[in-house]
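Read-outs throughout are calculated quantities, based only on the coordinates presented, and are distinct from any laboratory measurement. Just so you know, these numbers come straight off a predicted model, no measurement behind them. Here the Cβ positions follow ideal geometry from the backbone for every residue, glycine too, while neighbour counts run over all protein chains shown.
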Amino acid sequence: MKIKILVIVIIVFSLILINGCSPKRELEKQPPEMEGFVKADGEMYELERGGYRWEWKNGTDTAVVTTDHASPNQMAESIKPIHLTSNGRIEIQIEENPELTVFLWNKSEREKEIPLKEKQFLLPAAKGKYIYEVLAKWHEGEVSYTFVAEVH
């Protein structure tokens, strides 16, 4: 009888140890590798990932990772613009359904927030180059994405 109890205790302890060392726990501590996309004119275009802030519990403490990344207007210098039609509908798609906020940037700063309806917005009627930042927020943190629209 004592041997059976000892075997059960060893099995339970082993399962707890294996579960505690599983890679899933480590992944929860890392900032997401969530890809983001813009859907426009029936095509999908990948968003460029910028800076992020991510936090997780580390025992009784909270650990935080914050990156220092180029601003969207600086990133725009090396991003290939997406050629789109004026007044075209843009849909933002990012994994795991984060809360989204979209900002229009000028050459130096955020110019204004773009209202979203069901993760969509309309491009301006005026032709030109527009820099957009998509700020995605999850419970654990946030990630900034950028895309450039060349409106014709």
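Okay, residues lined up against (1) in contact with an Asp or Glu (Cβ under 9 Å, 6 or more places away or on another chain); (2) closer than 14 Å to Val148 by Cα:
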site	(1), (2)
Pro81	yes, yes
Leu84	yes, yes
Asn87	no, no
Ile92	no, yes
Glu96	no, no
Leu104	yes, yes
Glu109	no, no
Leu116	no, no
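For region 69-113, residues that are part of a loop (DSSP other than H, G, I, E, B), over 17 Å from Gly128 (Cα atoms) and among the hydrophobic types (A, V, I, L, M, F, W, C) total 1. Of the residues making up region 134-151, just one is of a type in the set (Phe, Trp, Tyr) and more than 18 Å from Glu109 (Cα to Cα), namely Trp138.
With Ile114, Ile92 as the choices, which residue is aliphatic (A, V, I, L, M), surrounded by 15 or more Cβ atoms within 10 Å (Cβ to Cβ) and without any contact (Cβ under 8 Å) to a residue 24 or more places away in the chain? None of the others qualify; the one that does is Ile114.
Within the option set Lys107, Lys57, Lys112, Lys80, being basic (Lys, Arg) and in contact with a helix residue (DSSP H, G or I) (Cβ under 7 Å, 6 or more places away or on another chain) holds for one residue only, Lys107.
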